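Bear in mind these aren't lab numbers, they're just calculated from the coordinates by the rules spelled out. Computed from a predicted model, the values in this text were never measured in an experiment. Ideal geometry is used to build each Cβ from the backbone, glycine not excepted, and the neighbour counts take in all protein chains shown.
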C-alpha cells in the first residue's frame with residue numbers, strides 16, 4: 001500500500017520539525033516548505049494526501065494556498081494552523097474550504113486526531129466513485145428538481161470538511177436526514193451520530209445533559225454520567241432546533257466549540273472532545289441574531305457553512321417520485337402492491353402548499369391509503385380541502401399552542417376532536433359515527449387506533 005504523505009507549510013523551523021516528528025511517529029511521511037512559493041513547487045513534484053499550512057506566510061497567506069489547492073488538487077484536504085484565539089481566521093479558512101484547523105500552540109493530540117480524520121477521508125475516496133456509493137445520497141434524498149440536485153451536491157461537498165454546518169429549512173423539510181447524510185458521507189461515518197432536540201431539554205438540566213456530571217455533583221447524581229458531547233466524541237453532534245437554547249447555554253456552547261473541551265458538572269478538569277457540530281432550526285437565525293435573541297458570535301461559529309433545505313411546495317416535479325416511494329414503503333410490510341395516484345390526485349398534490357412539507361405528505365398518503373378502494377388513490381381520498389381548512393379554522397386555538405408544535409400534530413388534535421364529537425353524538429356507535437364523518441367504518445377504526453382512541 002502507498003504510504004501517506006503530508007505537505008507541511010510554515011515559516012517557523014521549530015513548528016515544521018514538531019509537525020514532521022509527530023507525523024513520522026504516526027507512520028506518515030512529510031515534506032516541509034517555508035513559504036507559499038516552495039509549497040506550490042512541492043505540489044508540482046509530489047502527490048500528497050494532506051496539506052498542513054500556517055495562516056500567515058512570508059509571501060502570502062494560508063487562504064491563498066487553500067484556494068490554489070482547491071482549484072488544482074480538489075481531492076486533497078487542507079488543514080490550517082491559526083494563532084491562539086484567532087477565531088475569525090479559523091472561520092475564514094473553513095469558509096474557504098479548509099478541512100479543519102488547529103490553534104497555536106499546537107496540541108499534539110488534536111493534531112493527531114485531525115490527521116487521522118483527514119487520511120480516513122482520503123482512504124474512502126475510491127469507494128465514493130462506485131455507482132452504488134455515489135447514489136447513496138440520491139437514494140436517501142429523493143428528487144430530480146434542480147433545488148434537490150443542488151442540495152445533494154452541497155452535502156457531498158461539506159461532507160469532505162470538518163467545518164460546522166447549519167441546516168436551515170421549514171419543519172418537516174428533511175433537516176435531520178441531511179445531517180445524517182453529511183455524517184455518513186464524511187470521515188466520521190464509523191463514529192457516533194448523536195441527535196439532540198434542544199427544545200425538549202429543560203433549562204435547568206441543559207448543562208448536565210450536554211457536558212455530563214460527576215457523582216455527587218447534585219442531589220440524585222449517584223454515578224458519573226457522560227453528556228452529549230462525550231457520547232458523540234469522535235463523531236457528529238446534531239443540534240436540532242438550536243434556536244431554542246437559552247442565552248446562558250449559548251455562552252457555554254461557544255466556549256466548548258472554541259476550546260474543543262468540556263467540563264462535566266461537579267468536575268474541576270476539562271476533557272478534550274473531538275466532535276463535529278451540525279445544527280438546524282426551522283426558525284430564522286439571522287432574524288434572531290438581529291433581535292439579540294441568539295448570540296452573533298455563536299451564530300458565526302455554527303453557521304460556517306449553510307445548507308438550505310427547500311420547502312416541498314418548491315419541488316412540484318418531485319411530488320410523484322416522493323409519493324410513490326412513500327406508498328411503496330407503507331405497503332411493503334403488508335406484502336401488497338401499492339395503489340397508484342390518479343392523474344387528479346397527482347395534480348392536487350402538486351398544487352397543495354404543504355405547510356408541513358414531506359412529513360405532511362407522508363401523513364396525507366397514510367390517510368389516503370386507508371380511504372382508497374381499488375388500485376388508485378383518487379383526489380378525494382387525499383382530503384386536501386380538509387387539511388387546508390385546518391390551517392385556517394380555530395385560529396385562536398392555534399395561537400394558543402406553542403409555536404414549536406408541528407402542523408401534523410395540530411391536525412391530529414383536530415381529527416381526534418372531530419372523531420370524539422361524532423362518537424358522542426352517536427352514543428359511541430362506530431358505524432353511525434363513520435357515516436356522520438363521511439368515511440368508511442374501516443377508515444374510522446384505523447384512525448381510532450392511530451390516535452389512541454379506545
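Nearest 0.05, what FRET efficiency do residue 334 and residue 116 give at R0 = 30 Å with Cβ-Cβ as r? Provide the component values of the computation, followed by the final result.
Working: r = 46 Å, r/R0 = 1.53.
The calculated FRET efficiency here is 0.05.
Divide by every residue of the chain the summed helix terms, -39500 (n - 2.57) for each DSSP H run of at least 4, and state the resulting mean residue ellipticity at 222 nm, rounded to the nearest 500 deg cm²/dmol.
Details: 24 runs with 226 residues, N = 454.
Roughly -14500 deg cm²/dmol at 222 nm, from the helical runs in the chain.
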Task: Label-point separation in nm, residue 288 to residue 197, each point 7 Å along Cα→Cβ - done: 1.6
TODO: Quick one: check the C-alpha center-to-center distance for the range 321-375 versus the range 231-276, whole angstrom.
DONE: 41
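Checking the a/c ratio against 1.5 first, then a/b against b/c, what shape does the Cα gyration tensor give for the range 5-123? Write down the numbers at each step before the final one.
Numbers: a/c = 1.16, a/b = 1.02, b/c = 1.13.
Judged from the Cα gyration tensor, the range 5-123 comes out rounded (a/c under 1.5).
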- [ ] Using only alpha carbon pairs under 8 Å that are at least six residues apart, calculate the relative contact order of the range 5-123 and give it in whole percent.
- [x] 22
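Quick check on packing: order 237-249, 331-343 by the mean number of other C-beta atoms within 10 Å, highest mean leading. Write down the numbers at each step before the final one.
On the way: 237-249: 19.5, 331-343: 13.5.
In descending order of packing, they fall as 237-249, 331-343.
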- [ ] Using a/c under 1.5 as the rounded threshold, could you call the range 211-338 rounded, prolate or oblate? The axes a ≥ b ≥ c are square roots of the C-alpha gyration tensor eigenvalues, and prolate needs a/b larger than b/c, oblate otherwise.
- [x] oblate
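Give the shape of the range 131-308 as rounded, prolate or oblate, defined through the alpha-carbon gyration tensor: a ≥ b ≥ c are the square roots of its eigenvalues, a/c under 1.5 means rounded, and otherwise the shape is prolate if a/b is larger than b/c and oblate if not. List each step's numbers first, then the result.
Details: a/c = 2.23, a/b = 1.57, b/c = 1.42.
Here the range 131-308 falls in the prolate category.
Taking only Cα atoms of the chain, what ratio of Rg to Rh do you get with Rh as the Kirkwood inverse-distance radius? Numbers along the way, then the final one.
Values: Rg = 26.5 Å, Rh = 25.2 Å.
That ratio is 1.05, to two decimals.
Ranked highest first by average number of other Cβ atoms within 10 Å, how do 156-167, 105-116 line up?
Working: 156-167: 22.2, 105-116: 16.3.
Final packing ranking: 156-167, 105-116.
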